[in-house]
Amino acid sequence: PDAEPSADSPIALELADVTRRYGDTAAVDGVSIRVRQGEFFTLVGPSGCGKTTTLRLIGGFEAPSSGTVRFGDRDVAGVPPEDRDVGVVFQNYALFPHMTVGENVAYGLRFADPPGDVSREERVTELLDLVDLPGMTDRDPDELSGGQRQRVAIARALAPGPEVLLLDEPMSALDAKLRERLRMQVRSIQRELDITTVYVTHDQEEALAVSDRVAVMNAGQVEQVDTPRRVYRRPTTRFVAEFVGDNNVFSGTVRDVTPEADAVDRSVEASAGDRLATLAVDDTSIRVALGDRSVDDGGGSDGRRSVRVGDRLTVCVRPEDLRFLEDPDSSREGAANALRATVESAEFLGETTRVHLRRNDRSLVGRTRDPLSGVVSVRFDPTAVHVIGVDRDGTVD
Ligand code: ATP
């Protein structure tokens, strides 16, 4: 309990090349994922990408058109939901209004006895304590707030002591503040029980905030499975870069690869030993540090070590790594990693302001503390440029 599952925790459940078709469309298209015991694993992606269908396949509410779902090493094909040892909270899985809170939780025990040596009443009390609703047994659901009701639904799902908890957008009906509180509560309940959890959300911020690992889905497929930090900092596809964190994505051809010491323009920063690749992007150039930086998470190979002149690179720069100068210095125009752009709009978010910029037909997203308007000069360091993919003769590393 309270420890994160390590990379060698046993696999609690696995989808191997699972496809689910409805007529001509594949709602889930060749998905392979492995969830470890005790892991908080999140499926995130835009509406219609197949998250709910994937969860329903795990729960046994749908059968795959092809592929295999395993719990541990047991193929669960044909095993109905009530025999899968899963607790499920669906988006709009409302409580029964004519039952008390306690009766709603006890309903979770209709197929099973309480785990351990406790009575049903004791189990209900235990669960209401767990979800931080002590003493609420005799309340009616309509006396509770939305967040409290969802916690009752979670208690009901957990009542029989399932191996796996499945949560499908359990907070979608709640307001922003409550969502934030409930997601931390869900995370802490999950940690306390050390229960394998698969969580569905379309909200990338929520996914990053609560998960051990995240699977980013797009059009029925999984684009990347990684820790929140890696999904955010080291996206492996353009879609992931754009979906998680508003990244600015550029593609260009490598004109030049130089040892850092030989870089002509000394005003750009790179760490000692980095090689620098210069990409031609539209009418400007972007310089990328190719060093093996372990900025945050132990590095990892993304193909940039082998970058050569002539390769086509797709790279991204996070909004918070853009720096702005109002009153742009036109003498720097044309230098690497310096662009002039026009501020189109700004969203004040409290802690920061998200600015939307335009340069020719390209849009960029940045973050600042200070208000910005008009034409600005945008800069970023070569070390802030992440290589998403390298395309050499049509193959992406
Ligand atoms: P949302 O966040 O909007 O719920 P989602 O990512 O959970 O989306 P799914 O609900 O899994 O996506 O749906 C994936 C695709 O499969 C969608 O195009 C959907 O219309 C389709 N689909 C899902 N269930 C069915 C069904 N029972 N019959 C036909 N098409 C379906």
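Numerical summary
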{"quantity": "Nearest 10 degrees, 0 to 90: helix 146-158 Cα axis against the chain principal axis", "calculated": "70 degrees"}
{"quantity": "Overall form of region 11-234 per C-alpha gyration tensor (a/c, 1.5; a/b vs b/c)", "calculated": "prolate"}
{"quantity": "Linear extension gain, Arg359 paired with Asp75, 0.36 nm per residue minus alpha-carbon span", "calculated": "96.9 nm"}
{"quantity": "Degrees separating the helix 120-130 axis from the principal Cα axis of the chain, which is the longest one", "calculated": "20 degrees"}
{"quantity": "Charge dipole magnitude, Cβ of K and R +1, D and E -1 - the chain, Cα centre, debye nearest 20", "calculated": "860 debye"}
{"quantity": "With Cα atoms, 0 to 90° folded angle of helix 176-193 axis to the chain main axis", "calculated": "70 degrees"}
{"quantity": "Relative contact order, percent, the chain [alpha-carbon distance under 8 Å, six or more residues apart]", "calculated": "15 percent"}
{"quantity": "log₁₀ of I(q)/I(0) at q = 0.06, 0.11, 0.12 Å⁻¹ - the chain, Debye sum with one point per alpha carbon", "calculated": "-0.31, -0.88, -0.98"}
{"quantity": "Burial ordering of Ser363, Ser285, fewest other beta-carbon atoms within 10 Å first", "calculated": "Ser363, Ser285"}
{"quantity": "Förster radius 35 Å - calculated FRET efficiency between Lys177 and Phe111 (Cβ-Cβ, nearest 0.05)", "calculated": "0.45"}
{"quantity": "Ile33, Ile58, Ile286 arranged by Cβ crowding within 10 Å, fewest neighbours leading", "calculated": "Ile33, Ile286, Ile58"}
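Values quoted throughout were computed directly from the atomic coordinates according to the rules given, and no laboratory measurement underlies them. Model, not experiment: these values are computed from the prediction. Here Cβ is always computed from backbone atoms with ideal geometry, including for glycine, and neighbour counts include all displayed protein chains.
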